[in-house]
There are 2 protein chains.
Amino acid sequence: MHCIPYIPRLLAFLPCIGSTLSLCALLPKCLVFLYICNPIMLPISNRGSLMPESPIRKLAPLAEAAKQKGLTVYHLNIGQPDIATPQAMIDAVKENISPIIEYSHSAGNESYRHKLVSYYAKHAINIQHSDIIVTTGASEAILFSFLGCLDVGDEVIIPEPFYANYHAFAIVAGIKVIPVSSAITDGFSLPALAEIEAKITDRTKAILICNPNNPTGYLYSEQELKQLENLVIKYNLYLFADEAYREFCYGGKHYSALQFEHASQHVVLVDSISKRYSACGLRLGAIVTKNKLVINTIMKFAQARLSPPYYAQVAAEAAIDLPDDYFTVTKTEYNKRRDILVKRLNGMKDVFCPNPGGSFYAMAKLPIDNCDTFCTWLLNDFSYNNTTIMLAPGTGFYETKGMGLQEVRFAYVLNTESINAAMDCLEEALKVYPGNVNNI
Amino acid sequence: MHCIPYIPRLLAFLPCIGSTLSLCALLPKCLVFLYICNPIMLPISNRGSLMPESPIRKLAPLAEAAKQKGLTVYHLNIGQPDIATPQAMIDAVKENISPIIEYSHSAGNESYRHKLVSYYAKHAINIQHSDIIVTTGASEAILFSFLGCLDVGDEVIIPEPFYANYHAFAIVAGIKVIPVSSAITDGFSLPALAEIEAKITDRTKAILICNPNNPTGYLYSEQELKQLENLVIKYNLYLFADEAYREFCYGGKHYSALQFEHASQHVVLVDSISKRYSACGLRLGAIVTKNKLVINTIMKFAQARLSPPYYAQVAAEAAIDLPDDYFTVTKTEYNKRRDILVKRLNGMKDVFCPNPGGSFYAMAKLPIDNCDTFCTWLLNDFSYNNTTIMLAPGTGFYETKGMGLQEVRFAYVLNTESINAAMDCLEEALKVYPGNVNNI
């Protein structure tokens with residue numbers, strides 16, 4: 001009786017046993033054999049199959065192997081800063097005296113949300129604590145925004161290259177990502193409005209931007225933001241604005257989508273403390289919107305998962321009281337790194353890297369045949385002075401197949417000495433890489 | 001130009017202005033007026049509308065109001081234990097010396113997963129660390145199980161009453177919950193297999209059980225589990241087994257679905273440290289399965305959200321080294337509370353409460369017209385000795401409309417003195433409640 005679902009597989013299996021044996025004699029034995037050796041064929045979901053493997057993390061085993069060969073691997077591949085988490089945050093956790101680590105409010109501790117209001121006010125973002133839902137990282141904020149505002153089959157337009165996990169959360173939410181390509185030759189600025197408008201259909205419900213951008217480092221101007229403001233009003237769309245790198249702008253000034261005069265009801269801000277305070281492991285972010293219907297809807301998703309993590313909120317609340325020069329120091333450091341990285345890259349033969357205005361990423365075009373092959377080759381087959389580098393292949397940030405083949409993303413999360421050493425390594429690598437398109 | 005989307009609303013608005021005015025003269029002014037006063041009508045998603053408000057938390061403002069009137073409110077409504085989180089867990093967090101709170105492995109720290117293997121071995125569950133993905137609470141474990149194994153429109157069968165958030169995560173995943181009713185007269189034991197089989201369609205992909213059960217406290221027997229083992233083999237289904245209350249069994253022995261001899265590949269275990277160590281706020285759980293295809297698939301969802309929370313893993317790893325008598329003490333306390341609660345309830349006129357074998361919940365049938373009305377009335381209109389009680393209405397745990405109307409859930413998360421006082425209060429309440437069906 002238990003073997004009923006396996007009969008089709010059994011029948012498929014039979015021909016290889018040979019036709020001379022009696023089917024009747026064989027059948028019960030085969031059933032038992034199949035059941036014991038390989039009892040199930042449970043299918044996973046289609047969306048599970050569709051989910052991409054992390055484009056960055058799939059190189060991780062190769063980096064491990066390189067280290068075991070004795071190489072130093074410069075990790076410029078992932079946005080895990082090397083800056084220490086502020087001591088005040090760690091101390092706040094140590095000083096916690098609550099004897100029970102209880103659920104917090106599903107929207108996050110009220111005390112923390114009140115403090116966040118003062119944080120945002122410093123950035124000319126005027127909101128109330130009830131406009132905030134504290135989330136488990138920006139990850140959850142993105143997912144909740146998709147779930148609350150879009151239905152299965154709806155579309156969100158995102159300038160590409162974009163943060164690869166937007167695609168993953170779109171699969172979770174069953175929505176379609178519609179890319180609009182930004183060009184490295186324009187420094188990855190906002191694509192022309194006509195190009196964005198051409199992508200709008202009756203299923204389009206939102207536009208998503210990351211500002212300053214991961215992976216390009218591009219800092220959108222106030223003018224570009226205002227173009228988007230007009231667009232979301234004209235077509236009645238949401239604007240999801242991921243501003244996790246707000247503090248890290250070099251030269252230009254950050255203009256938040258929540259500063260919109262007319263379209264603030266359209267804006268759902270996605271935020272994170274991961275990069276701001278070098279506290280990625282805490283897993284704390286936020287959704288901020290002045291749209292009450294959206295807040296109330298997303299609150300129901302937040303209630304289902306009960307609450308954001310306790311200690312993270314304790315640490316994050318302490319962070320709001322950090323002196324203003326905390327960011328000055330961190331930003332100065334990132335700025336120095338960016339300057340070295342970009343200068344070194346543009347000093348290499350046939351390499352082009354636009355100067356990014358923010359975050360701690362840069363995308364460069366290299367004279368290579370295929371970035372996935374190149375990044376793999378760096379870890380598997382190359383070394384220079386007993387070092388090599390790990391980079392994020394550009395293709396992982398594009399939705400459009402075939403794009404980004406010659407691009408790689410650099411996260412400048414290492415000190416200047418390491419960045420210089422990594423650049424020495426890259427320069428040498430490009431000289432000897434068999435797939436250098438100018439050497440072939 | 002910006003007002004195009006609002007014209008339909010404008011037209012709906014016009015009749016109330018009166019037909020004597022010239023439409024042509026009015027139109028531009030109305031557009032401006034509408035745009036300024038109420039510029040948008042952005043729709044939220046259908047699934048956002050479908051998401052239920054938390055059946056427990058919607059009574060929270062009423063409890064707040066009762067407290068402000070000066071009443072003591074006995075909270076028997078929510079599974080937030082009053083037991084202190086083990087000091088060893090809190091100390092481990094305090095002793096953390098890492099200067100950067102980094103992302104962990106997406107599947108959870110390897111050291112923690114190795115320790116979990118020894119934890120499960122003590123419960124006769126033999127797994128490897130690679131069979132585990134550490135999650136942000138059981139909440140995420142449930143969602144990932146749904147996402148990885150089922151597609152939009154697929155069905156999961158769940159005995160009702162069940163934990164209300166299963167329904168919420170089913171909406172997130174776009175799947176259908178098919179309830180099979182268990183009866184309070186049978187102590188909420190597993191419904192007859194024929195009843196479960198009758199619900200199986202070609203869209204059925206899984207059965208979900210919570211053992212010991214929230215909200216009923218029912219502890220499934222080894223025999224019932226083995227019936228389910230046969231069923232999931234026969235119909236090639238997943239069995240999602242939520243065993244978050246594993247430690248809290250009184251009398252009977254817990255039999256885990258991961259102890260199955262034949263169907264272990266069908267089992268996806270959902271786990272949590274929230275109740276085990278009274279550490280709900282940490283937000284840490286796990287998925288455990290011997291099915292490699294499922295682990296690999298769910299790993300992709302785990303990678304998208306980067307990692308589970310850092311401090312929670314530090315605390316949870318320390319918890320594995322707690323002395324075995326930690327659970328003896330906690331369990332003895334819960335056992336004492338259960339005995340008092342159940343005895344007191346069954347001593348009340350027309351009240352029936354089956355004796356639950358595990359967890360820290362009990363469902364009772366009360367002589368009331370409507371549990372939602374009753375729970376509201378307790379907070380709004382009743383007091384006894386300056387106290388009242390907050391309970392979870394039974395209806396919130398049933399998928400089938402109209403069921404559970406006379407039932408309420410008790411979480412025995414208060415000390416015995418408070419439970420006795422709460423029972424005094426309830427006994428009095430039932431005497432005077434206008435909707436007592438035997439008094440009407």
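Please find, among B:353, B:280, B:371, the residue that is open to solvent by less than 40 Å² (accessible area, probe 1.4 Å) and within 14 Å of chain A (Cβ to nearest Cβ). Steps first, please.
Values: B:353 fails: within 14 Å of chain A (Cβ to nearest Cβ); B:371 fails: within 14 Å of chain A (Cβ to nearest Cβ).
Exactly one residue qualifies, and that residue is B:280.
Looking at segment A:215-237, can you tell me whether even one residue there is hydrophobic (A, V, I, L, M, F, W, C), at pLDDT 95 or above and touching a Ser or Thr at 6+ places or on another chain (Cβ under 7 Å)?
So the first thing to find is which residues in segment A:215-237 are hydrophobic (A, V, I, L, M, F, W, C), and the list is A:219, A:225, A:228, A:231-233, A:237.
Still in the running and at pLDDT 95 or above: A:219, A:225, A:228, A:231-233, A:237.
Those still in the list that are touching a Ser or Thr at 6+ places or on another chain (Cβ under 7 Å) too: A:237.
The answer is yes, given that some residue of segment A:215-237 is hydrophobic (A, V, I, L, M, F, W, C), at pLDDT 95 or above and touching a Ser or Thr at 6+ places or on another chain (Cβ under 7 Å).
Please tell me if residue B:188 is at positive phi and either touching a residue at least 60 places away in the same chain (Cβ under 8 Å) or under 20 Å from the mean Cα position of the chain (by Cα) (or both). Step through it out loud before you land on a result.
On the way: at positive phi: yes; either touching a residue at least 60 places away in the same chain (Cβ under 8 Å) or under 20 Å from the mean Cα position of the chain (by Cα) (or both): yes.
Judged against the criteria, residue B:188 is a match.
Total residues in segment B:296-310 satisfying the condition of being open to solvent by less than 10 Å² (accessible area, probe 1.4 Å) and in a helix (DSSP H, G or I): the figure is 5.
Within segment A:397-440, the set of residues being surrounded by fewer than 21 Cβ atoms within 10 Å (Cβ to Cβ) and at positive phi comprises A:402 only.
For every residue, the table says whether it meets (1) within 30 Å of residue A:174 (Cα to Cα); (2) of a type outside the set (Gly, Ala, Ser); (3) open to solvent by 10 Å² or more (accessible area, probe 1.4 Å); (4) assigned to a loop (DSSP other than H, G, I, E, B).
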site: A:66; (1), (2), (3), (4): no, no, no, no
site: A:91; (1), (2), (3), (4): no, yes, yes, no
site: A:100; (1), (2), (3), (4): no, yes, yes, yes
site: A:104; (1), (2), (3), (4): yes, no, yes, yes
site: A:108; (1), (2), (3), (4): yes, no, no, yes
site: A:117; (1), (2), (3), (4): no, yes, yes, no
site: A:124; (1), (2), (3), (4): no, no, yes, yes
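The residue of segment A:283-295 that is nearest to residue A:120 (Cα to Cα), among those that are more than 10 Å from chain B (Cβ to nearest Cβ) and buried (at least 24 other Cβ atoms within 10 Å of the Cβ), is A:288.
Being in a loop (DSSP other than H, G, I, E, B) and open to solvent by 40 Å² or more (accessible area, probe 1.4 Å) is the filter here, so list the residues in segment B:71-89 that pass it.
B:78, B:82, B:84
A search for C-beta distances below 8 Å between a residue of segment B:81-94 that is in contact (Cβ under 8 Å) with a residue 60 or more places away in the chain and more than 7 Å from chain A (Cβ to nearest Cβ) and any residue that is surrounded by fewer than 22 Cβ atoms within 10 Å (Cβ to Cβ) and acidic (Asp, Glu), counting only pairs 6+ apart in sequence or on different chains, returns B:83/B:333; B:88/B:321; B:92/B:317. Which residue, of B:51, B:41, is closer than 29 Å to residue A:232 by Cβ, in contact with a helix residue (DSSP H, G or I) (Cβ under 7 Å, 6 or more places away or on another chain) and at pLDDT below 80? Just a single option satisfies the conditions, and that option is B:41. Of B:395, B:376, B:388, all but one fail to be in a strand (DSSP E or B) and in contact (Cβ under 8 Å) with a residue 24 or more places away in the chain; the exception is B:388.
Given (1) open to solvent by less than 10 Å² (accessible area, probe 1.4 Å); (2) within 8 Å of chain A (Cβ to nearest Cβ); (3) under 24 Å from residue B:166 (Cα atoms), identify the lone condition not met by residue B:265. Against the list (1) open to solvent by less than 10 Å² (accessible area, probe 1.4 Å); (2) within 8 Å of chain A (Cβ to nearest Cβ); (3) under 24 Å from residue B:166 (Cα atoms), residue B:265 comes up short only on (1).
For segment A:294-324, the set of residues classified as over 13 Å from residue B:283 (Cα atoms) and aromatic (Phe, Trp, Tyr) consists of A:301 only.
Residues being within 28 Å of residue A:306 (Cα to Cα) and either open to solvent by 10 Å² or more (accessible area, probe 1.4 Å) or at the interface with chain A (Cβ under 10 Å from one of its Cβ atoms) (or both): count how many of those fall in segment B:253-262. If you could, list the steps in order and put the result at the bottom.
Our first condition is that a residue be within 28 Å of residue A:306 (Cα to Cα); within segment B:253-262, this holds for B:254-258.
Filter again for either open to solvent by 10 Å² or more (accessible area, probe 1.4 Å) or at the interface with chain A (Cβ under 10 Å from one of its Cβ atoms) (or both), leaving B:254-255.
Going through segment B:253-262 one residue at a time, the tally reaches 2.
Tally time: how many residues in segment A:229-253 are acidic (Asp, Glu) and under 19 Å from residue A:325 (Cβ atoms)? Counting residues in segment A:229-253 that are acidic (Asp, Glu) and under 19 Å from residue A:325 (Cβ atoms) gives 1.
Across segment A:95-121, the number of residues qualifying as over 26 Å from residue B:92 (Cβ atoms) and either in contact (Cβ under 8 Å) with a residue 24 or more places away in the chain or facing chain B (nearest Cβ under 8 Å) (or both) comes to 7. Residue count for segment B:201-218 under the criterion of being touching a strand residue (DSSP E or B) at 6+ places or on another chain (Cβ under 7 Å) and over 17 Å from residue B:163 (Cβ atoms): the result is 4. Per the conditions (1) over 22 Å from residue B:165 (Cβ atoms); (2) within 10 Å of chain A (Cβ to nearest Cβ); (3) at pLDDT below 95; (4) open to solvent by less than 60 Å² (accessible area, probe 1.4 Å), the sole criterion not satisfied by residue B:26 is (2). Filtering segment B:126-138 to residues that are open to solvent by less than 10 Å² (accessible area, probe 1.4 Å) and out of contact with any helix residue (DSSP H, G or I) (no Cβ under 7 Å at 6 or more places or on another chain) leaves only B:137.
Answer yes or no as to whether residue A:329 is among the β-branched types (Val, Ile, Thr) and either at positive phi or crowded, with 21+ Cβ neighbours inside 10 Å (or both). First the steps, then the outcome.
Details: among the β-branched types (Val, Ile, Thr): yes; either at positive phi or crowded, with 21+ Cβ neighbours inside 10 Å (or both): no.
In short, no.
Out of A:140, A:155, A:110, A:160, one residue alone is acidic (Asp, Glu), within 19 Å of residue A:287 (Cβ to Cβ) and within 20 Å of the chain's Cα centre (by Cα). It is A:140.
The values are calculated or read from the model by the stated rules, or taken from the named source; none is laboratory data. Since the structure is predicted, the reported quantities are computational estimates derived from the model, not experimental observations. In this analysis, Cβ positions are derived from the backbone assuming ideal geometry, glycine residues included, and neighbour counts consider all displayed protein chains. In case anyone asks, the SASA skips ligands and DNA or RNA and just uses the protein heavy atoms, side chains included. Shrake-Rupley method; radii C 1.70, N 1.55, O 1.52, S 1.80 Å.
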